[in-house]
Each structure stands twice: as structure tokens, then as C-alpha cells.
Amino acid sequence: MKLFDCVVTSHTEVAPEHFRLVLKNKELAEVSQPGQFVMIEVTETWDPFLRRPMSIERMFSDSISILYKVVGKGTKLLSSIRVGEKISVQGPLGNSFPIDLDFKDFFIVGGGIGIAPFPGLAEKIIRIRGGNLHVIIGAKTHSQVLCERDFREMGCRVYVVTEDGSAGEKGLVTDVLDKLKVEVHSVVYACGPIQMIKKVHQICEERNWICYASLEAEMACGIGVCLGCVVPVKYEIENEMMARVCKEGPIFDTRVIQWEKI
Amino acid sequence: MKLFDCVVTSHTEVAPEHFRLVLKNKELAEVSQPGQFVMIEVTETWDPFLRRPMSIERMFSDSISILYKVVGKGTKLLSSIRVGEKISVQGPLGNSFPIDLDFKDFFIVGGGIGIAPFPGLAEKIIRIRGGNLHVIIGAKTHSQVLCERDFREMGCRVYVVTEDGSAGEKGLVTDVLDKLKVEVHSVVYACGPIQMIKKVHQICEERNWICYASLEAEMACGIGVCLGCVVPVKYEIENEMMARVCKEGPIFDTRVIQWEKI
Amino acid sequence: MSVSLMVKIGNLTLKNPVTVASGTFGYGEEFSEYFDISQLGAITVKSLTLKPRLGNPPPRIVETPAGMLNAIGLQNVGIEKYLKEKLPFLRDKGCTIIANIYGTNLEEYQLLAEMLEKENGADAIEVNLSCPNVHDPRFRNKCPLIAQSPEWVGRYTASVREKTSLPLIIKLSPNVTDIIEPAISAEKSGADAVSLVNTFLGMSIDIRTRRPKLKNIVGGLSGPCIRPIALRMVWEVSKAVNIPVIGMGGICNPEDAIEFLIAGAKVVAVGSYVFRDPYAPIRVLKGIEQYCIEHGAKDVNEIVGSLVIQ
Amino acid sequence: MSVSLMVKIGNLTLKNPVTVASGTFGYGEEFSEYFDISQLGAITVKSLTLKPRLGNPPPRIVETPAGMLNAIGLQNVGIEKYLKEKLPFLRDKGCTIIANIYGTNLEEYQLLAEMLEKENGADAIEVNLSCPNVHDPRFRNKCPLIAQSPEWVGRYTASVREKTSLPLIIKLSPNVTDIIEPAISAEKSGADAVSLVNTFLGMSIDIRTRRPKLKNIVGGLSGPCIRPIALRMVWEVSKAVNIPVIGMGGICNPEDAIEFLIAGAKVVAVGSYVFRDPYAPIRVLKGIEQYCIEHGAKDVNEIVGSLVIQ
Ligand SMILES: Cc1cc2nc3c(=O)[nH]c(=O)nc-3n(C[C@H](O)[C@H](O)[C@H](O)COP(=O)(O)OP(=O)(O)OC[C@H]3O[C@@H](n4cnc5c(N)ncnc54)[C@H](O)[C@@H]3O)c2cc1C
Ligand SMILES: Cc1cc2nc3c(=O)[nH]c(=O)nc-3n(C[C@H](O)[C@H](O)[C@H](O)COP(=O)(O)OP(=O)(O)OC[C@H]3O[C@@H](n4cnc5c(N)ncnc54)[C@H](O)[C@@H]3O)c2cc1C
Ligand SMILES: Cc1cc2nc3c(=O)[nH]c(=O)nc-3n(C[C@H](O)[C@H](O)[C@H](O)COP(=O)(O)O)c2cc1C
Ligand SMILES: Cc1cc2nc3c(=O)[nH]c(=O)nc-3n(C[C@H](O)[C@H](O)[C@H](O)COP(=O)(O)O)c2cc1C
Ligand code: FES
Ligand code: FES
């Protein structure tokens, strides 16, 4: 957990308003785990004031990549950074995706930019387990389907679903998940809009599957001190508690979330 | 007086920390006069909040150039703008250098980045008067001597003076001016640190020369409404008054300035 | 769909809820070179005083993070020159005029209001009780601004009220413990509206010379930096009074203005940001109309105070 | 040249004038992974309450121009867990500790102070009378924060003073008409120092949903946006009291901190900016030392209050 000046070695628009940024720093790359995130300084001035949290997409020998969508002024500024420039990156932060070897099937469910933390996870699962990895990629429309080729090249079973039906099936990622009647002890990794995660959680509850979700929250510090990013959770021990998405998360077993409060 | 989206057609580092920016906009170029300035938006965010005033260096058929020094965060941001990008430019603003045909000799005195408004003025004087133009360029050191070649190519008589003597004479622009014993009805155009302008003014007073100086002030609006940029002046009519550098200036006959208040 | 943008302040109808903040728009002349200023709901002019004022010595402005400090000190042409030289221009253009006035004592405020009404110099009067850059020596000790004392706000409001039947707007200061008290005091004393916020008293130091960057030592902070505080105050006041609130403080974009409307402002004013974008008031106006259309509001008044809690 | 950076608060000597703002540094553990936190003059910990607190429901944070709003609501582990689990770490590191306390009534503040002194839980106590995110229902009506009433500040200061001989710092709120009054009241009632400013009450609205962006509706504004106001208040208070002032509000760089020292702060605290740059307190410390060297000051106290006027 440190602050690194990373050199931008590649920055490409992978889909309209979606970019992949490759950040070179060996130390950072070596300690990063799938599911962790970084906090990126998008400007030298005071507006925006805070860093921006971004999931680590993949880890390479001396660099990491992030995949992001331009949604506001921070990501807009980020999108104008050029290859060769330096950028301040804090990380890796948070916990990582647990990979339980007991499971037979592994499902990855990514809605929109929610696919970002998964290429690195898929790589790791395949390295450890060799296969049995299903990836459901959801998008609004065909041009926004992200990482499809990456997952296919790794040998994952890929399901594409778009809201307008312009690529793959028409519908939502949860429709696809619902239809996949794999009656075995499985795990689902989910990331995307909170309502999507909630739905995935419900499907998993019914089937008695485990669901690990990567949550988002407004973050100020990213390291657990500001207490800004909390999510209400129910632990065995304490009746009610606030967990920090940046510290106890961003990956949560969805059964611990107090969904009724969200 | 309008707001223009200009395209950057050239942006070069002419000396360490000094840049020339060429901004393409025909309408703006056609109405600009030597001595006028523009207000440039250096960011899309709220920090810095205000535009930055910059003198117009030269006017071309469809563009203007500015010459600037990186001194703080606004100019630093400006220096990272790339050719092809658009930038919001407000102008031309303020008054321009009066060129009185009665004068025999014309002197331009520019201290440091204070040389910025003069290439365009020199061009105009030479066009109108054909010559008799003396340009004193002052700088800290040889690498910061600006526009020397430009003025020579126009046919001006150029005097270079540096504080460390690494180029031209050693000393200050006012030392050179002091020594030039041209005993005729002359005019001096000055721009640079306020103490330099004051000294130039005093020399002119002694010789009964006219001095037109381009003044600087902290500016918010650049168009005369905020009343932030005032300088105390003494007019014939009113005993004491505050003149707006952005509106009544930036060019002032130095005799109207209340020097004792500066 | 057509949207009604009309709003009322007292018995005055503004054609839309967008004006500009006093002191940031001069008397409108300069901005006329950019757009037709009569499109705005009203033009609020720079504070007027009985005699012309020279204002404070420079430097008068410092930029700060996402904002600026100013210590202009109410430099202005004075009421007479305004009536003779500035007013005809605004009337010719067909602008609705809010004249902002500042007096060094109660009688001056009354006189200014009378003169304005008599000479048809304004369609509404905004009483600046909150300029942080000209301390009234009589109160400097404990309470430098009239607007910092609910009692004085009441007294001044009532006195000006006596002298004019024009819609009366009281401009409040955010430099207070409780913004509701002076607002209620203004309402009770006959104000037709309150406007807020004026600037926050701030300071900046040049660490090289160890001198204040402003010659006046302190100045008023404005711009996006103050917006969250201004918005909170507008919300608090809107709930507490029954007269319209004119909201301002860091409004740059339509989105910012709509926040103020939702919080309860009936009118919004664009201030310092016009220094950066002279078209901002027009953009804000267009954006508000667009928002109404997109949100199915037939009347902008449906947006006003529509904050949803829980 | 060697520079003495030592400053005193009551009978406590800090090795240098740099600390961190309560609530932005946790209990120091996380930052220890970045630098040796015992290098700082003091570590100010997150507000402690008698019982652990869950704080407010999320969202608790919104970014604003050059700053942020927070409505954490004093989530903290409680005094007992602090003493058992957090304190040993800080003591091991050799940190000078300023423990910030918050009580829902006078007795709780007293109890907290007693416990801290008894258990050697702090080297100084900072009394948070100014958290804008937890309204004491008893005073909500007119005066939600103790620090908004000079009278209550006096009463609370005196009561805590009775119970502890540790250096006592009273943390003031900037949401007041006059910052001098509560400061003087704290001094008169036995405070060894005052710290200012806590956050400004602000608000932000999501115009799409028309709901406040913070679940708690309002929150506290911090960051560079508030710096000019905070600096002005520190200057005003420093002139008015004879006890040290701990200055904070938007300090990011050494230059910012030096502004506060020149204005009269004896100690400076880095707050929200540590979220962006965890090394900021160390950079500020180094920069202050460098400034002293460059300006020929042998002792940082020569810089304190060295503002030149006229
Ligand atoms: C742990 C974590 C990992 C993330 N990973 C990715 C990723 O891999 N790729 C990606 O594109 N996005 C990711 N996000 C979301 C990303 O941080 C936000 O999109 C980004 O901060 C928006 O910044 P902005 O300035 O462009 O938008 P703003 O102008 O600040 O806001 C635009 C929208 O983004 C939301 N937002 C703003 N700040 C944050 C924040 N700090 N956290 C969450 N939402 C915010 C706002 O509520 C608003 O709806 C992640 C968020 C978290 C918490
Ligand atoms: C009419 C006019 C014409 C100018 N022409 C040129 C030019 O051709 N080339 C050039 O390099 N510079 C010119 N300047 C100065 C230029 O505007 C400032 O250097 C610039 O605004 C500094 O911005 P910054 O953000 O980099 O510095 P900041 O970080 O804002 O400040 C750095 C320094 O610049 C000073 N400064 C900041 N803002 C202003 C301002 N609005 N006006 C004057 N000084 C300021 C500050 O006091 C400080 O000393 C001109 C100024 C004026 C008023
Ligand atoms: C340069 C300047 C001059 C101002 N002059 C006046 C004035 O004369 N009278 C007045 O009531 N308010 C004056 N104000 C305050 C504004 O009207 C407004 O209340 C304040 O700036 C907050 O709005 P903003 O953040 O949008 O600028 C002035 C503000 C600025 C920046
Ligand atoms: C997330 C956050 C939590 C805070 N928690 C506390 C707190 O528990 N107790 C307290 O006295 N102040 C608290 N503060 C206020 C800070 O200590 C400080 O007074 C304020 O943020 C101004 O400084 P800054 O602008 O440098 O952040 C908190 C501030 C922030 C941003
Ligand atoms: S972002 Fe600060 S605690 Fe999580
Ligand atoms: S900069 Fe506003 S009047 Fe000159």
C-alpha cells in the first residue's frame, strides 16, 4: 500500500467513452491482486479535489491496466492523459476476490463498466483451475461490449447480452444467469450497478450459491480512515455494522450486506 | 469583443519556461490591435477559476500569437495544451498603443516577458513609419532573451541587455535607455515589472518624452465590470480616480498614473 | 411543450427566474456586446451609493481555489450618474431592473430608495446590508455588517419599506451563526424577498512578503467554492419564510442553478462566473427551461422547493 | 543553520508545529504504512465518544469544487476500544497524542477527559464542540452546536477543565457570526488553546432525483475551498486571545500552512488533503523548516503572527 508515480505506457479508447490505461510500475504490479483497486490523481489542481477509485483490470509483469468509462469531470481529465506522462497512483487497495478451490463452476457477471475487475480474475482462475469459467458480459449496446475477445482468448465460456439486442442475447445479465441451470456448487463474481448485484445476489440465494460482489461507494481516502465509503453489513458477532468498502471491501460476500438498507 | 473558440495551430517552447502559442481565428485576428490582450480559459474545471490575461504578441491574417512565461498553475496548465486542441479566448480587450506620427524616434523597452506585446507593435510602426525603431530587450540571462531575431528581421535597431551580462550589455533595460542620448522628440513604449516602468517613466519625464506603458493588474473579468484591476490615476478633470487596466488600459500614458500610490 | 418560466417577487413579475449578482454585471453595457441582456428575468446592477465612491486601493482581487476574493469597496458612479447615464441604456433595452443600494446609514438607504422610485430607476430594490468590504465604523466593534444583526435588519428593512412601494429585496450575509433569523426579521419588517448569499469574509497572505494579498487585508469570497454553503442557507431560509428567496453563490451551470431552485430559490443569480463566461446567465436560463421540459414541469414554480427528503 | 521548530501548547511541548485534523487520520495506523508518523508534532485522533458509534447512513461523502462535504456522523470505536486497541500502537511509535473527544452532554465530555487522563490516553485533549453532523437535539432549535454559543463554550470548557490537567484545546466552529467571542470564552474558562476551523455546514443536491446527495441532507465542507475563510478566522482569533491557536482548513502545501503561521497559528493541522496525499503532513513539515531557513528564522515562533500590515 503505497503511492507510485506510474508512467502511462498505453492509453486507448476501447469503446465509445471507454478507455484502457496501462500504468507502468513493477512494484505495484507485483503486489496487486484481482479485485483490488487503485486511487488515481486526475489533476494537479484542486478541482477535482479527490483521487478516483479504479479497479485493477489486469496485472502484467511490470504494469497494471485499468478500464474506465468517462462519466464526469475526473474521468474526462483522465482521458486526456498521454502516453509517456506520469500519474500518481495509490494502491493496491482493498481486499481481493477469494478463489475457493471447492467450487466446480465459476461465473463472472459484469454489467457495463462493471466488467473492469474481471480480466485479471479470469486469468488467475484459469491459471489455478484450468477452466470451468463462464463470463456473462452485459452492455447497453453492441459497441459497449467490453473485453469479449480477452475472455475468449483465455478460454472462458462467454455469454454476451445487450439491452437492445444488438449483440448476443437481448436482455440483462441476470436474465442469462437465471437461465443457466447449472445445478452444482458454484460461485458468482459480480460487478456492476447495485440493482444488478442485488438481483444476482437473490439468484444466488435461491440456488445456495456464493456470490462475491465488488461494490462501489463514494470514496475520499481509499485507505480506511475517512469512514466515508461504508456499507451496512450484518455480521454474526455484531448486530449491525458499517463496513468500509475501501478496506473490508471492495469485495463482499453478498450475504453479509444489509440489502434492505440499500 | 467576443468569445472565440480558437484552434491551437502552433505551440513552441521559445526559451526555458517561455512559450509561443498561435491561436487560429480569423475574426479575432482581424480586429486585434497591438497592445490589446485576450483572456484565456486554461481549464475546464473550477481551479483555476478565472481566465488568464495575455497580451497579443502578433496578428496574422487568420490568427494571433501570444508569448507567455510559466509562473503558476494557470500558465502551467496552458503549457500542456496541444496543437489541434480548442481553447476559449475572449478578446481583443482593452485599448492599444497610440502611434503618433509626429514622433521621430520610437523606442520599445521590454523587460523579461514584458516584451510580449511588442512584436506586433513593431510591425505596425515599421509599416507606418518605415523605421526609426529602437528595441531594448532585457532579460535575466542569455537564454531568456526573447524575440531578438524577430525584431532584427523587421529592421529594428536592437539592444540586448542581460542582468548577468551573458548576452548583450550587462545591466538593466533602463541603463541602456539612460545612455541613449537621442535628443529629439521621442516616444517610449514600455512593458515589464512595475519598477522598471516607473524608472522608464522618470527617464521620459526628464527628457520630456512620452511614455506609453502596458500595465498589469489582477484581473477577474477583463471587460470592465468587476472593478478589480484598477490603478490610481490623476486626470485633469477629476482630482483622483481609479482607472481600469482592462478597459481604460492596459496602455497608459505614464503621466496619468499616480506613481506615489504604487 | 411550452414551459412557463414566470416568477413573482412582490407584485413584480419576472419573465424568468434568472438574474445576475450585483457587482458582477456592472450596469449591463459591457454584456450587451455579448447577448441581448433583456432576455434575463432581471438585471441587478452594481451597488449604488448617494455619492460616487472610489472604492478600496488595489490589489482588490485574489484568486483562490475554485473562487476569488474581492475587496472592491463599492466603487460606483453614484445614484445621480446612474440615473442620468446608466438607466436610460437599461430602459431602452427593455430590461427589468433590480437596483442594489448601499448606504452608510439608515437615512441614505431611505433617500436612495426614494430617488429610485421617483425617477423610475428600478423595478425592484435590493438592499445591500451585507457588503463585507466597507465596514460601518459605528458597528465595527461587534457587528460590522447590518445583516449580521437580525434586529438591525428589521430596522433597516422597515425604514426603507416606509419610503418605497417598489418590491423590496433584502440581501443577507452568510457570515452568521443562523441565517434564518435575519431572513425572518426582513420578512416581518416588510421585505418582499430576501437574496442570499453575499460573499464570505476571507483572506489570503503572500508568504514571500508576509503581507495580505489584498490591500484591504480581508475580502469577500465568491465562486463555486462557496456553493455548498450558499445552497444550504438558501434551503434553510426557504423553509422558514414565505417570501421568495433569490439564491446565489457559485452558480456556473444550469445544474447549479437548478440545485438552488430545488432547494427553494424562486430566482437565481449568476455572479462571479460571468467573469469567466459572459454567456453564463443565458446558458443557465436555457438549461432551466430544458430541465423543466425533460422533467415534465409546465411551470418552473413546480421545481422551486421540490427537494425530496426520504 | 538549524531551526528550532518546537512550539508549546499549555505545558506540552510539541517538537514541531504540524499535526493532522481529527477524523482525517484515523488512529494513525494506516498512515504508518506511508511514513513514520512520530515525526509529526502530534497526532490528532478521530473524535472519541463514550460508546462506539455507527455514524450516519451512507452516502456520507460528496465532492464539491476544491473540497468535499462529509456527514460521517462520528463513527468511532469508542473510548474503551481506543484505549485498549488504538492507544498502544500510538504510544509504541512514540507519538505525541491529541485525543479529540465528543460527548452528547457535559457529563460525557467530563468522563471522557477523566478516562483519558487516568489511562494516559492522550498528551492533550481537543474538545470537539463543533461537529456539524450530530445535532444535539436539546439545542437543535436555535443553536445546534455548542461552539455556536460563546456562553456554552465557556460552560463546557470550564467543566472539562475541572476534570483534567492535560492541555485542553477547544475546537471551534466557523459557522458563527463572530469567531472571536467563543475563542475568548474558551480562553477565559481555562482552555490552553483553541483549534479552528471545523467544517462549514453545506449541502448538495442530485438534480436528477431531487434528493440531497448526502443521506444526512447536510454535511461539513472542508478542503482548499474553505481556506480563505479559515485563514481569516485564525487571524482574527490570534489577535484576540493570548493562548495558542491551532489553525486548519484546506491546508495542502507548505505554502498554505505558512499562511496560517503568519496569520498567527502556532500549530497547523493538515486535514482532508491527506486523503489525496498521505505524505502531505510530512511535506508541510519539511516545507516549513525550509521556509524558516530561507527567511533567516532560527525559531519557527518568529514566523507565528508575523503578518505585516501596511
Ligand atoms: C472500488 C471502486 C472501483 C471502481 N472501479 C472502476 C473501474 O474500474 N472503472 C470505472 O470506469 N469506474 C470505476 N469506479 C467508479 C469510478 O470511480 C467513478 O466513475 C469515478 O470516480 C467518477 O469520477 P468523475 O469525476 O468522472 O465523475 P463525477 O463527476 O465525480 O461523478 C459522476 C458520477 O460518478 C459517481 N462518482 C463520483 N465519484 C465517485 C467515487 N469516488 N466512487 C464511486 N462513484 C463516484 C458520482 O456519484 C456520479 O454519479 C470504481 C469505483 C470504486 C469505488
Ligand atoms: C493585460 C495583461 C497582459 C498580460 N500579458 C502577458 C503576456 O503576454 N505574457 C505573460 O506571460 N504574462 C502576461 N500577463 C501576466 C499573466 O496574466 C500572469 O502571469 C498569469 O495570469 C499568471 O497565471 P498563473 O496561474 O500561471 O499564476 P498564478 O499561480 O495565478 O500566480 C503567479 C503569479 O502571477 C500573478 N498573477 C496571477 N494572476 C494574475 C493576473 N490575472 N494578472 C496579473 N498577474 C497575475 C500572481 O500575483 C503571482 O505573482 C499579463 C497580464 C495582464 C494583466
Ligand atoms: C467583484 C465583485 C463585486 C461585488 N459587488 C457587490 C456589490 O456591489 N453589491 C452586492 O450586494 N454584492 C456584490 N457582490 C456579491 C455578489 O453579488 C454575490 O452576492 C456573491 O459574489 C456570491 O455569488 P457568486 O459566488 O456567484 O459570485 C460582488 C461580488 C464580486 C465577486
Ligand atoms: C471525513 C472527515 C471527518 C472528520 N471528522 C472529524 C471528527 O471526528 N472530529 C472533529 O473534530 N473534526 C472532524 N473533521 C473536521 C476536520 O478535523 C477539520 O476541522 C476540517 O476538515 C477542516 O480542515 P481541512 O479543510 O483541512 O479538512 C472531519 C473532517 C473530515 C473531512
Ligand atoms: S474511502 Fe475513506 S474509509 Fe473508505
Ligand atoms: S478586470 Fe474586471 S474591471 Fe478590469
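The values are calculated or read from the model by the stated rules, or taken from the named source; none is laboratory data. This structure is a prediction, so every number in the text was calculated from the model and none was measured. So basically every Cβ, Gly included, is an ideal-geometry build from the backbone, and we count neighbours across all protein chains shown.
The number of residues in segment D:254-279 being within 10 Å of another protein chain (Cβ to nearest Cβ) and within 24 Å of residue D:46 (Cα to Cα) comes to 13. Filtering segment C:55-69 to residues that are in a strand (DSSP E or B) and surrounded by 23 or more Cβ atoms within 10 Å (Cβ to Cβ) leaves C:61, C:62, C:64, C:67, C:68, C:69. Please go through segment A:86-144 and give me each residue that is buried (at least 24 other Cβ atoms within 10 Å of the Cβ) and either at positive phi or charged (D, E, K, R) (or both), ordered by number. If the condition is that a residue be buried (at least 24 other Cβ atoms within 10 Å of the Cβ) and either at positive phi or charged (D, E, K, R) (or both), then A:91, A:94 are the ones that fit. Residue A:176: within 16 Å of ligand 4 (Cβ to nearest atom), over 17 Å from the mean Cα position of the chain (by Cα) and on the phi < 0 side of the Ramachandran plot, yes or no? It is false that residue A:176 is within 16 Å of ligand 4 (Cβ to nearest atom), over 17 Å from the mean Cα position of the chain (by Cα) and on the phi < 0 side of the Ramachandran plot. In the set (1) in a loop (DSSP other than H, G, I, E, B); (2) of a type in the set (Gly, Ala, Ser); (3) out of contact with any helix residue (DSSP H, G or I) (no Cβ under 7 Å at 6 or more places or on another chain), residue B:35 fails one condition alone, (3). Among the residues making up segment A:41-92, a single one is within 13 Å of the chain's Cα centre (by Cα) and within 12 Å of another protein chain (Cβ to nearest Cβ): A:53.
Of all positions in segment A:64-82, at least one carries a residue that is in contact with a Leu (Cβ under 9 Å, 6 or more places away or on another chain), closer than 16 Å to residue A:21 by Cα and within 16 Å of ligand 5 (Cβ to nearest atom). Confirm whether residue B:80 is in a strand (DSSP E or B) and either surrounded by fewer than 19 Cβ atoms within 10 Å (Cβ to Cβ) or within 16 Å of ligand 4 (Cβ to nearest atom) (or both). The answer is no for residue B:80. If we scan segment C:22-36, do we find a residue that is touching a strand residue (DSSP E or B) at 6+ places or on another chain (Cβ under 6 Å), crowded, with 20+ Cβ neighbours inside 10 Å, at pLDDT 95 or above and assigned to a strand (DSSP E or B)? So far as segment C:22-36 goes, no, none of its residues is touching a strand residue (DSSP E or B) at 6+ places or on another chain (Cβ under 6 Å), crowded, with 20+ Cβ neighbours inside 10 Å, at pLDDT 95 or above and assigned to a strand (DSSP E or B). Filtered by the rule that a residue be free of Cβ contacts under 8 Å to residues at least 24 places away in the same chain and either assigned to a helix (DSSP H, G or I) or acidic (Asp, Glu) (or both), segment D:251-310 gives D:294, D:302.
Just wondering, is there one or more residues in segment C:119-127 that are within 14 Å of chain D (Cβ to nearest Cβ) and in a strand (DSSP E or B)?
no
Taken over segment D:241-250, the criterion of being near ligand 4 (Cβ under 10 Å from one of its atoms) and part of a strand (DSSP E or B) is satisfied by D:246, D:247, D:248. Please enumerate the residues belonging to segment B:176-196 that are within 24 Å of residue B:251 (Cβ to Cβ) and not in a loop (DSSP other than H, G, I, E, B). Across segment B:176-196, the qualifying residues are B:176, B:177, B:178, B:186, B:187, B:188, B:189, B:190, B:191, B:194, B:195, B:196. The residue that is nearest to the chain's Cα centre (by Cα), among those in segment C:203-241 that are more than 9 Å from every other protein chain (Cβ to nearest Cβ) and among the hydroxyl-bearing types (Ser, Thr, Tyr), is C:222. Filter segment A:203-254 down to residues that are among the basic types (Lys, Arg) and closer than 22 Å to residue A:33 by Cβ and give me whichever is nearest to ligand 5 (Cβ to nearest atom). Among those residues, the one meeting the criterion is A:244.
Going through (1) at the interface with another protein chain (Cβ under 7 Å from one of its Cβ atoms); (2) over 25 Å from residue D:201 (Cα atoms) one by one, residue D:282 falls short only on (1). Note on segment B:43-77: among residues that are of a type in the set (A, V, I, L, M) and more than 7 Å from ligand 2 (Cβ to nearest atom), the one that is surrounded by the fewest Cβ atoms within 10 Å (Cβ to Cβ) is B:77.
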